[in-house]
Amino acid sequence: MVMAWVPILLRFVRSWRERRNPVSLAICGLIIYVQFLSLSVAWVVDGSVGLVGLLSVHGLLCSAACVNFYAAFRRARHHFRERRSGPS
């Protein structure tokens with residue numbers, strides 16, 4: 001399942017390189033976090049990683065992803081002032 005996210009990740013990386021929209025980069029971070037979540041379940045089932053340590057890392061990564069999104073929205077608001085036109 002982790003590999004299914006790779007094409008989506010690559011699409012957002014390309015989008016970030018073309019437009020430099022920080023929200024695209026924040027989405028890349030979130031996709032990497034989802035991949036890490038999938039792998040960590042396998043590590044816990046395998047017994048190669050302790051659950052307490054892994055939950056601590058998950059808490060930190062989740063917090064970092066959330067703060068990253070708030071910062072990306074703020075940067076995008078300053079760099080991309082024009083609104084996208086939606087359907088009328």
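Is it true that VAL57 is under 21 Å from ILE27 (Cα atoms), aliphatic (A, V, I, L, M), out of contact with any Phe, Trp or Tyr (no Cβ under 7 Å at 6 or more places or on another chain) and surrounded by 10 or more Cβ atoms within 10 Å (Cβ to Cβ)? Here the answer is yes, as VAL57 does meet what is asked. Only one entry in VAL49, VAL23, VAL44, VAL34 is outside any helix (DSSP H, G or I) and surrounded by 12 or more Cβ atoms within 10 Å (Cβ to Cβ), namely VAL49. Only residues that are touching a residue at least 24 places away in the same chain (Cβ under 8 Å) and either farther than 30 Å from ALA72 by Cβ or not aromatic (Phe, Trp, Tyr) (or both) were counted in the range 30-57, giving 6.
The numbers here are math on the coordinates, done by the rules we state, and not lab data. Because the structure is predicted, anything quoted here is derived from the model rather than measured. Backbone-built Cβ (ideal geometry, glycine too); neighbour counts: all protein chains shown.
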